[in-house]
Each structure stands twice: as C-alpha cells, then as structure tokens.
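As structure tokens, the structure follows; a few thoughts come after it.
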Amino acid sequence: MEFDLVIVGAGSGGYEAGLYAYRRGMKVAFVELSPETVGGSCLNRGCIPSKYMRHGAYLLEKLSKAQNYGIKVEGISLDLRTLAEGRDQVVLTIRENFKKFAQKLGIPIFYGRGILKDKNTVYVEGSDITLKTRYILLATGSSCADLKDLPADGKKIFNTDQIWSLREFPRRMLIVGGGAVGVEFAYIFRMYGVDVVLVELLDRLLPSPDIPEESSRYLARKLKRLGVDVRLKAKVTGYSEEDGRLKVSISDGSTVEVDCILVGVGRKPNTEGIGLEEVGVEKDSRGFVKVNEYCQTSVENIYACGDITSPLMLAHKSMYEGKVAVSHMLGERENVRNDKLMPKIIYSAYEVASVGLTEDQAEDEGYDCAVGVVSFMSNPKAMDDGEDEGFVRLVVDKQTGNILGCHIVGPHAGELIHQVVHLMKANLRADFLASSIFSHPSLSESIVQCAMEVHYGPISWVKKG
C-alpha cells in the first residue's frame, strides 16, 4: 500500500496533521498502537480527563460562594465512581468520534507498532503490514518516567497513567512534584475533600523559567488557603507500608501517613524501538528527535512533532508542529516552529497562562522592558463573577513597543492569553493594543488596560493637602 504521508502515532499532533494533510489533498494513513490508544496521552490519560475532573473541582469551589448570589446549597455528596464514569464517557466519545471521522474521510488507521524500515517504508508490527510512503511524520508522544525511589505499582504509588484507575477517594494523598501536573491534581483532590500533601524539590511551585515567580506565589497562597499542605525545598526520602497506609519520610524531617502517593514528575519521549537509528534519524542525549524550524529531521522526508521533539510537552504544540511539518512537505516556508509564541496554560486553583518572555528572561536577552500589571480586583466582570483574584502582566520592549510576553493568573486565563498570542504573531505593538476596543464589562478589558499602562504610563494617585 502506497501513501503520500504515513503518520506514526494518532495522538493530538498526528491526528491534527493527518486531517490537515487530507484537506491539502494528500493521501494519508495513520499507524497507532491499538484502537484504545487513538487520541494519544492527552485524550486518554492526560489533559482531557484531568480537565473534566478539574471542572468538577471548580464547580465545588463556585458552590461554596453560591450563598453570595442568594442560592442555598445543602446536602452535597461526593462520589468518585460517578465522576470517573462521566470522565471516561467523554474520553470514549471523543476517541470513537476520531475513528469514525477518519473512516468517513477514507483515512485508514493501521493498528500496531510502527517501525521505520527505510526512509520510505513503515512496517506495522502486530498487523504484519508494510506501508510505502513519500513522507513520514513521527508523532509517537511520551510516557511516564518513574522515579527510581518511588516505583509506581498502580496500587499505593501511582504515576499519571495509573491514577485514572482510582474509584474511591483516598482520605489523604501525597503528591510528588509541584509542576503543572502536581498543582492540578492537588487542587482537584483537595476540592473533593482529600487531605493533600504537595512536595516540591525546588523553592517554588511551577518552577519553570517561563512562569514568573509572582504567578507561582499567587497559586501557592491559594492552594494553602484551600488546605493543601505545600512543602517546598523538600523531597521524599523513604516510605514503608503499615496497616494498608504508607508512612512517608520527607527531607524536612517530618513523617506523614497517607493512603497513596501520586508521582507527578517527568515524562520521556517515545523514541525507542521504532527504527530511528537504522534509518539515520538523529536524537539528542535525552532521546528527543532533532528537528529544524520546519520539524524536519536529519532525514529530509521524515518529520517529527510533539513530545518527541523537546521537553515542552503540550498537545497544542504537537498539533501546531504537525501542521508546520505538512506545510513544509507541500513546499511552503511561511510556518515555522516558534516556542516563544506557544501558550502555556496550567489549570489548578487558578488558571495560570503564559506566552513569550518573562521580565527576567527579557532582561537577560538585553531588552529594556516596560511592564504593565492590572489586577482583577478592580475588574467589574471578575467582581460580578466572584473571581476577582489574579492579574494580567504584559511585558513590552520600551524601544520598539513590541509585545515580548504576557502572563495571566486568574479566571479564564487559558482563554484570555490567546488574544495576546495572536497580537504577538502578527507583530502588533502595545500602541495598537492600547487603542483597541474591548467590550465592557469583560475580563479582556484588563489586557487593554495593561497596554495603556505601558504605552501611556501608569496612573499615579496623588494625595492632596
């Protein structure tokens, strides 16, 4: 069987690339491990099921404020089995729709491990099928990298692939890792009544250079206020099981008893055992596939997208890189990889969104920055919604007025950030944003107010007399 493009991996990036290639007139085929893994980690074990659970946690928090709106709520009961059934149904529906849509378009999905035999041949192990193709796109994703001292067993110690098997809420849980995964699950389980201990090795939550420390501090304060026991500069030094519970020693000298541990750190690219070395596709020392700005590997007709190209493991990054790769196959050169335009969104007790450079990063790159900060405390829509915590922070190059970055903490930050992403992609400056029209009342007004702070200068309140 011969195709224009064979995509190894039908997760977020592979699937989006396949549909895009189909739209552009290419004859496409997918290779995916099994019918149950179509959609990849994001759909089956990552962002989709976790956002379902996070929305439940968010609703519980909203209910706690319902009395302010004249609504009396009584007799709430919590049931993880019902939550899991609803979550799993959403995942199943999306996965089956993926398969049905591909079938309707005439895009075949071959099940089994895709192995490169040469630069134009993919062998589907398990189905004993050989596919010939002009181009290959590698979209094999990533998998959990377990900690040696905390081996996940799916019974008492869970990694993020195994946590979905829980059908009863634990009374107490320890979460290892204060990154995006750790803070999301800490919020989810705490709002559902679980006592959560969150342990982070570094000195702040969300310890990424792409996220301002101010965002981390805001989130840490909120999680603590909700009752999460946050331990920074700490790690698990040992554990033992007694009477069905885990006794866990922490490097701060304390010992905690929990029902289970969730290890929320580290993923590794799925680049082993698929024939990369045999055909000459180069990898770096960490196992990531080396690609250029067009997602092209060291073999000119083989491309890669998503988790296997860099540690920035985001479903939308994979989807965008897949389209960049297909565009390049078709002879186009306008679309290129640009991680500085990649929005990063974390869903926890707040939504934490970021794009571009932080103020520190901009200064390190030699920019003279102007920074506008507007709090949601003064935003009428946020006040109406009872969600007036958080801020918008805009980083601008003083010399040119170019927007270098934006960082939002608070309500619907993950939706608001895209306004700035598109302004940056279009190279529109802070003065353009400052003169734009935003509806009132809206959360988006805070973005234009940030631009006015930068372009016209901050408003100073002078005490007279």
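A few comments on the model shown:
- Charge dipole (Cα centre; +1 on Lys/Arg Cβ, -1 on Asp/Glu Cβ; no other charges) of the stretch 22-117 amounts to roughly 580 debye.
- GluC sites (Glu not before Pro) lying in DSSP loop within the stretch 45-150, provided at most 14 other Cβ fall within 10 Å: Glu74
- From its DSSP helices (H runs of at least four residues, each -39,500 (n - 2.57)), the chain gives a residue-normalised ellipticity at 222 nm of -9500 deg cm²/dmol.
- In this Cβ point-charge picture (+1 for Lys and Arg, -1 for Asp and Glu), the chain has a dipole of about 680 debye about its Cα centre.
- Rounded to the nearest angstrom and listed largest first, the equivalent-ellipsoid semi-axes of the stretch 351-445 from its Cα gyration tensor are 23, 14, 11.
- Cα centroid separation - the stretch 408-452 against the stretch 27-50, whole Å: 33 Å
- Diffusion coefficient, µm² s⁻¹, Stokes-Einstein with Kirkwood Rh over alpha-carbon pairs of the stretch 36-104 at 25 °C and 0.890 mPa s: 176 µm²/s
- Stretchable slack from Arg171 to Glu125, in nm (0.36 nm times residue separation minus alpha-carbon distance): 12.2 nm
- The residues of the stretch 325-426 expose, per residue, 41 Å² of accessible area to a 1.4 Å probe.
- DSSP-defined beta bridges in the chain - what % are antiparallel, rounded to 5: 60 percent
- Computed with a 1.4 Å probe over protein heavy atoms only, the accessible surface of the stretch 1-103 comes to 51 Å² per residue.
- Think of the chain as having a plus end and a minus end, set by charges on the Cβ of Lys, Arg, Asp and Glu; of Gly227, Leu443, Val326, Leu443 sits farthest toward the positive end of this dipole.
- Across every pair of non-identical alpha carbons in the stretch 79-238, the mean reciprocal distance, once inverted, gives a Kirkwood radius of 19.3 Å.
- Percent carbon-and-sulfur accessible area, the stretch 102-152, ignoring ligands, DNA and RNA, probe 1.4 Å: 46 percent
- Sequence ranges 242-253, 370-381, 407-418, 326-337, ranked by mean other-Cβ count within 10 angstrom, highest first: 407-418, 370-381, 326-337, 242-253
- Accessible area per residue, Å², the stretch 157-283 with all protein chains present, probe 1.4 Å: 43 Å²
- Bridge orientation summary for the stretch 119-237: considering DSSP beta bridges with both residues in this region, about 40 percent are antiparallel.
- The stretch 286-303 - phi-based ³J(HN,Hα) in whole Hz, Karplus 6.51/-1.76/1.60, Gly and Pro as x: 9, x, 7, 6, 6, 9, 8, 5, 9, 6, 8, 7, 5, 9, 4, 9, 10, 10
- At the listed q of 0.12, 0.19, 0.23 Å⁻¹, the Debye profile of the stretch 298-420, built from one uniform point per Cα, gives log10 I(q)/I(0) equal to -0.58, -1.06, -1.24.
- Put simply, the amide H of Tyr239, placed in the peptide plane, has neighbours under 5 Å in Ser249, leaving out anything fewer than 5 places away on its chain.
- Karplus-derived 3J(HN,Hα), 6.51/-1.76/1.60, for each residue of the stretch 344-352, Hz, glycine and proline x: 10, 10, 10, 10, 9, 5, 10, 7, 10
- Apportionment of accessible area to carbon and sulfur, the stretch 19-97, percent (1.4 Å): 54 percent
- Intensity falloff of the chain expressed as log10 I(q)/I(0), Debye formula with alpha-carbon point scatterers, at q = 0.06, 0.07 Å⁻¹: -0.30, -0.41
- Packing-based ranking, highest mean first, of 214-222, 63-71 given that Cβ atoms within 10 Å are counted: 214-222, 63-71
- Difference of contour (0.36 nm per residue) and Cα-Cα distance, Asp339 to Asp431: 30.7 nm
- Based on C-alpha pairs under 8 angstrom that are at least 6 apart in sequence, the stretch 165-282 has a relative contact order of 28 percent.
- Karplus (6.51, -1.76, 1.60) ³J(HN,Hα), θ = phi - 60°, over the stretch 257-267, in Hz, Gly and Pro reported as x: 9, 9, 7, 7, 10, 10, 8, x, 10, x, 9
The values are calculated or read from the model by the stated rules, or taken from the named source; none is laboratory data. Small disclaimer: the values here were computed from a predicted structure and weren't measured. FYI the Cβ positions are ideal-geometry reconstructions off the backbone, even for glycines, and counts take in every protein chain you see. Ligands, DNA and RNA are excluded from the accessible area calculation, which covers all protein heavy atoms including side chains. Shrake-Rupley method; radii C 1.70, N 1.55, O 1.52, S 1.80 Å.
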